[in-house]
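Only one structure is covered here, and it is reproduced in the block below.
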């Protein structure tokens, strides 16, 4: 979901061909004990009675030190409490996971429990390679995660193919001292900035030495589509039947706003457009710009890298014409359909993602947990410091969008949309030319 490159288009195409040819594994039997809410202890007792010892493999993509430690701690705690259902910790890598999963599914040796991203796992879900978890998890557990987030992992044919547990929101971080000195209104979660207010604030903060904001957009498509949810952007017409890309004012409102800030009022630094978010931080710390637009995890770099005395703050998600909604593709945990123990794997997921554990995982990655109880635990543990109050509140802004499960969408984003947006933000094409190119390149989605 963050800090990792998208899978290659070729890998997705090969995966689609392979999965169509091979078909998926059989659906797991949603055993009665699990469906009625058996606990990890119940599952262990069943193993004791049968005399069997069960081994599960859990592949995680956690990579930051604190997150890796949290993952290990939860697995160790499970293994101690469940001696007859032991979980093997397997370290995966965001950069190679798609090809690795493709190979393991083809060879019949996937991990029992798989950590991935909702949008990226689509091809495996449609191929039948993931267990339908509907009915395999306690109702108290599932009801704590919003319907909008469950919608990112629910497919008409494949069912519920994972549990969403970490998400990110996109927002600015700001030099608080500069905002206060300029007399700019400080937004709050109860009274956020609109895009008009944000742009006006950036103009107030711009002078001969400082730009109001930096927009690091080396991967612009995801950012533009995510933020356009707040302006009513839907991107795809007829997503359930014959989808095609449709680009109008709502889809391009945020992009046109940023373009205006870059080249008309010149409150945004054009030199940052082609950079990654972390590349913009030295200039931010050196007062070259007063704000940097990024994602909620960027707070970690603030804590670890900001010079002594540098006062920063997290700006709540900007409100568009339709609200502060943002499209979301959560990190998820899934169960392989080829697993010999899908019920126990589902039980481990529920244990792994209980309120306190999910809060610890969010802390480790500086992301937002999905469950209400984890959000409450996180708020209590952090006291809202270091922008955690904004992170917790931003969960209400995150929603699923119809285009996220349209076949071929990822290829269109990589092949068509990203280079088109890059040309637009480099001021080489107009908004009308951008829209034409985006629509022409997406005329055969889902076919």
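Rule-based calculations on the coordinates, nothing more; no lab input. None of these values were measured; they are calculated from a predicted model. Cβ: placed from backbone, ideal geometry, glycine included. Neighbour counts: every protein chain shown.
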query: If we count other beta carbons within 10 Å of each Cβ, what is the order of 329, 57, 274, fewest first?
result: 274, 57, 329
- request: Using Cα centres only, tell me the gap between region 56-121 and region 344-417 in whole Å.
  value: 17
- line: To the nearest 10 degrees, the tilt of helix 372-382 (Cα long axis) against the first principal axis of the alpha carbons of the chain is 60
field: Ascending count of other beta-carbon atoms within 10 Å, so fewest first, for 430, 219
entry: 430, 219
query: Arranged from highest to lowest average of other beta-carbon atoms within 10 Å per residue, in what order do the peptides 109-116, 156-163 appear?
result: 109-116, 156-163
message: Which residues does the label zone of residue 156 cover in region 228-258, counting backbone N under 18 Å from a point 7 Å along Cα→Cβ?
response: 236-245
- prompt: Among 117, 253, 242, which one moves the most in a GNM of the chain with springs linking Cα atoms closer than 10 Å?
  reply: 242
- request: Quick one: angle between helix 195-205 and the longest Cα principal axis of the chain, in degrees between 0 and 90, rounded to 10, please.
  value: 50
task: Of the DSSP beta bridges with both residues in the chain, give the percent that are antiparallel, rounding to the nearest 5.
output: 60
task: Taking all pairs of distinct Cα atoms, average 1/r, flip it, and tell me the Kirkwood hydrodynamic radius of region 383-447 in Å to one decimal place.
output: 14.4
message: Given 20 °C and 1.002 mPa s, compute D for the chain with the Stokes-Einstein relation, Rh being the Kirkwood radius over Cα pairs; round to the nearest whole µm²/s.
response: 94
task: Any chance you could give the angle, 0 to 90 degrees and rounded to 10, that helix 9-22 forms with the longest Cα principal axis of the chain?
output: 30
task: Run the numbers on region 339-385 and let me know its relative contact order in percent, using alpha-carbon pairs under 8 Å that are six or more apart.
output: 31
- request: Would you kindly compute the Cα radius of gyration of region 120-269 and its largest Cα-Cα separation (Dmax), both in Å?
  value: 20.2, 61
message: I'd like the per residue volume of the convex hull spanned by the Cα atoms of region 243-295, given in cubic angstrom.
response: 115
